[in-house]
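Presented below is the structure to which this report refers.
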Amino acid sequence: MAEEKDLYPFGSAPLNKRRELLVVPLERKLVYEEVVFPKTGFARIVKRGQYFRIVDVMGKQVADLVLFNAHNTKEKHNNGISMSRQMRPEEVKPGVPYSRKSILTTRDIIFSTGERPMATIVADTPVPGGTHTLVGHMCNRAIYEMYGFSDHDGCWEILSGVLAPFGISPEELPDAFNVFMNVEYEAVSGERHIKEPVSRPGDYFEIRLEMDCIVAFSNCPEDALTPCNGWRCTPLKVEIYEAIEGK
Ligand SMILES: [Zn+2]
């Protein structure tokens, strides 16, 4: 597919041009799949140009997703930069106020701490799309202990465990891109209320990698404090695809 080839290499193409060119090839091959059981994690190197899909097998299950540059793990995804860089072509004009958005969905780009595109969101099937949380820290043992759960790992511990073989220490973890997490904000009080996800069985979220990345997530183990995962933790499934040469 000619348009798809135009996407590589990506580096010098303006952001708006990349969006116009965004095409997912119809013919792809599945190169990897894995079921990630409740309260466990996943980490693997995914190559530039490959497609990484998280399937919510039974619905209402959150994945705390993090991305690191596979060749320089000091560079990692950054939600603040990502939320600040999603201007539409018609918005980028002198005299038009610069705006930011706090919801990322299909065709939006996940940026790195190096201000570079790490991944493009190519599919986001829950309704409404963009129901992912980009503000706030992931669950961890300290929070569970505050509520009386003395032996309960959180996403922080799970991610720390799966990233240790890559030489990444817990202190290096960025705030996650919380796939399928549904948080309601009250603008005046500033309170955030965690709701049940809107994702249904089989819904999925998919990114195309714009650089080689260590892609990791925690299948969020939170079943005790909020309806974050609908009060029960269920499996997620990873599928990695790549374009078939010449298609
Ligand atoms: Zn969690």
Using a simple spin-label model with points 7 Å from Cα along the Cα→Cβ vector, what separation in nm is obtained for THR125 and ALA187?
3.3
If you take every residue apart from ASP153 with its C-beta less than 10 Å away from the C-beta of ASP153, what net charge results, scoring Lys and Arg +1 and Asp and Glu -1?
0
Mind listing the phi-derived Karplus ³J(HN,Hα) values for segment 155-167, rounded to whole Hz, using 6.51, -1.76 and 1.60 with θ = phi - 60°, and x for any glycine or proline?
4, 4, 5, 5, 5, 4, x, 6, 8, 4, x, 8, x
What distance in nm separates the two pseudo spin-label positions at LYS29 and ALA164, each 7 Å out from Cα along the beta-carbon direction?
3.6
Return the whole-Å distance between the Cα centroid of segment 209-247 and the Cα centroid of segment 106-151.
10
Radius 14 Å from Cβ of ARG192, net charge of other residues (Lys, Arg +1; Asp, Glu -1):
-3
Suppose we keep just the alpha-carbon trace of segment 2-243; what are its Rg and Dmax in angstrom?
17.6, 57
Put a dot 7 Å past each Cα toward the Cβ at TYR147 and THR226; how far apart are the dots in nm?
0.9
Burial ranking of peptide ranges 190-201, 34-45, 113-124 (average Cβ count within 10 Å, highest at the top)
113-124, 34-45, 190-201
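Rule-based calculations on the coordinates, nothing more; no lab input. Quick caveat: nothing in here was measured; it's all calculated off a predicted structure. We place every Cβ from the backbone using ideal geometry, glycine too, and count neighbours over all the protein chains shown.
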